[in-house]
Amino acid sequence: MKYQTFVIGTLFILLSSCSKEKVEEPKFNVSASSLTAKVGEEIAFQFSGNPDNITFYSGEDGKKYEYRNRTSLPGKLQIQFTSLVQWGTRSNLSLFVTTDIAGKIDASTVENAEWTDITNRAVFSTGIDNTPSGVIDLSEFSDLGKPVNIAFRYTDVKSTTAQQNRWVIRTFNAGTVRNDVVTPLAVMADAGWVGVSFKNPTNVWTITAAQLLMYGGPIGAEDNEDWVVSKQLDPNFIKSDVGFVLKNISAPRNDFSYKYNKAGVYKASFLASNMIGKTSKEVVKELTITVTQ
């Protein structure tokens with residue numbers, strides 16, 4: 001019994017001492033073989049000190065230290081798609097947009113959302129396959145600071161003389177425009193399409209990774225109204241910039257070389273850190289690198 005008490009007491013003391021162990025600020029510095037280089041020419045970086053971790057941010061687009069935690073940046077939404085219509089050219093496919101849906105997409109949310117009809121902004125097939133819609137600018141919806149849902153609405157009426165239309169959306173692309181550069185947001189396969197039927201649930205949208213297909217039915221098919229709605233598209237979303245891990249506590253590294261493939265002035269950043277448990281201390285060392293042709 002005394003032995004057990006002694007062991008428990010000893011463990012308690014050890015754990016207490018570990019929990020009180022302080023994280024030291026990393027002792028770290030970096031130098032470069034040169035602060036100027038030509039495109040494709042290697043620059044050698046030498047380190048001093050021995051931090052637990054070193055992460056390198058080159059300063060190139062997508063690799064900037066100052067943007068490592070950035071997840072939002074204003075942008076303008078644009079979409080485009082290609083389509084095919086068969087068995088008639090009636091104008092029974094419409095294009096809508098809303099910023100009014102939050103959460104699950106179902107009949108209730110689609111019915112109660114405030115939709116804007118933007119059909120007249122797109123070119124639809126009149127019988128030719130893969131008809132391009134053209135680029136559809138949705139800037140005014142981007143400025144509302146809310147995610148955007150896109151929807152196609154199919155309607156047709158019962159007829160005793162003609163079969164209902166068959167529509168196919170072949171491709172779909174959504175992107176965010178910033179400084180004339182388009183960053184992809186979604187394509188057909190990952191746009192999160194959800195079908196919602198209001199009339200004639202026998203004939204509904206067929207959703208695959210390759211296309212959206214809607215066929216109302218043969219002669220005599222009942223009146224139809226079916227929507228297919230995308231997931232929320234956030235025009236202000238942007239991926240955080242990432243760095244390259246040069247060293248961690250189990251993988252020491254002494255030197256590092258890097259080459260830039262485009263001329264410009266870059267802020268090369270080295271984030272060094274020491275960590276115990278969830279506590280860490282960091283230092284950042286930065287060098288300005290000029291790259292010429």
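The values are calculated or read from the model by the stated rules, or taken from the named source; none is laboratory data. Please read these numbers as outputs of a predicted model, since none were measured by experiment. Every residue, glycine among them, receives a Cβ derived from its backbone with ideal geometry; neighbour counts consider all protein chains shown.
Suppose we keep only residues that are hydroxyl-bearing (Ser, Thr, Tyr), out of contact with any helix residue (DSSP H, G or I) (no Cβ under 6 Å at 6 or more places or on another chain) and at pLDDT 95 or above within region 241-272. Which one would you say is surrounded by the most Cβ atoms within 10 Å (Cβ to Cβ)? Filtering region 241-272 for residues that are hydroxyl-bearing (Ser, Thr, Tyr), out of contact with any helix residue (DSSP H, G or I) (no Cβ under 6 Å at 6 or more places or on another chain) and at pLDDT 95 or above, the one surrounded by the most Cβ atoms within 10 Å (Cβ to Cβ) comes out as Tyr260. Selection of region 64-116 for residues being under 30 Å from Gly243 (Cβ atoms) and of a type in the set (Val, Ile, Thr) yields only Thr71. Checking the structure you have, find out if any residue of region 159-169 is in the same structural domain as Trp87 (by TED's automatic domain parsing), touching a residue at least 12 places away in the same chain (Cβ under 8 Å), under 22 Å from Ala113 (Cα atoms) and not small (Gly, Ala, Ser). Checking region 159-169: not a single residue is in the same structural domain as Trp87 (by TED's automatic domain parsing), touching a residue at least 12 places away in the same chain (Cβ under 8 Å), under 22 Å from Ala113 (Cα atoms) and not small (Gly, Ala, Ser). Restricting attention to region 114-142, the residues that are touching a residue at least 24 places away in the same chain (Cβ under 8 Å) and outside any strand (DSSP E or B) add up to 18. Can you find even one residue in region 195-203 that is among the hydrophobic types (A, V, I, L, M, F, W, C), modelled with pLDDT of 95 or more, assigned to a loop (DSSP other than H, G, I, E, B) and surrounded by 15 or more Cβ atoms within 10 Å (Cβ to Cβ)? Checked against the condition, which is being among the hydrophobic types (A, V, I, L, M, F, W, C), modelled with pLDDT of 95 or more, assigned to a loop (DSSP other than H, G, I, E, B) and surrounded by 15 or more Cβ atoms within 10 Å (Cβ to Cβ), region 195-203 yields no hits at all.
Of the numbered criteria (1) within 24 Å of Lys239 (Cα to Cα); (2) touching a residue at least 12 places away in the same chain (Cβ under 8 Å); (3) not hydrophobic (A, V, I, L, M, F, W, C), the one Tyr154 fails is (1). None of Asp100, Asp137, Asp129, Asp106 is under 21 Å from Glu225 (Cα atoms), at pLDDT 95 or above and not small (Gly, Ala, Ser) except Asp106.
Select from region 32-62 the residues that are surrounded by 14 or more Cβ atoms within 10 Å (Cβ to Cβ) and out of contact with any Ser or Thr (no Cβ under 9 Å at 6 or more places or on another chain) and list them in ascending order. Within region 32-62, Ala32, Asn50, Glu60 qualify. Taking region 210-231 as the range and being under 31 Å from the mean Cα position of the chain (by Cα) and buried (at least 18 other Cβ atoms within 10 Å of the Cβ) as the test, the residues that pass are Leu212, Met214, Asp226, Trp227, Val228, Val229, Ser230, Lys231. Restricting attention to region 252-283, the residues being under 13 Å from Glu24 (Cα atoms) and of a type in the set (Lys, Arg) number 1. Among the residues of region 235-289, the ones that are β-branched (Val, Ile, Thr), in a strand (DSSP E or B) and under 30 Å from Gly75 (Cβ atoms) come to 5 in all. Based on what the data block shows, is Thr89 within 21 Å of Trp205 (Cβ to Cβ), in the same structural domain as Gln211 (by TED's automatic domain parsing), at pLDDT 95 or above and not hydrophobic (A, V, I, L, M, F, W, C)? No; evaluated as a whole, the condition is false for this residue.
For region 36-51, give me each residue that is in a loop (DSSP other than H, G, I, E, B) and under 19 Å from Leu246 (Cβ atoms). Scanning region 36-51 gives Asn50, Pro51. Of all residues in region 151-184, those satisfying the criterion of being surrounded by 22 or more Cβ atoms within 10 Å (Cβ to Cβ) and under 11 Å from Leu77 (Cα atoms) are Ala174, Thr176. Condition check for Thr183 on (1) modelled with pLDDT under 95; (2) part of a loop (DSSP other than H, G, I, E, B); (3) not charged (D, E, K, R): one failure, at (2).
Considering (1) surrounded by 16 or more Cβ atoms within 10 Å (Cβ to Cβ); (2) over 16 Å from Leu93 (Cβ atoms); (3) free of Cβ contacts under 8 Å to residues at least 60 places away in the same chain, the lone condition that Ile207 does not fulfil carries the number (2).
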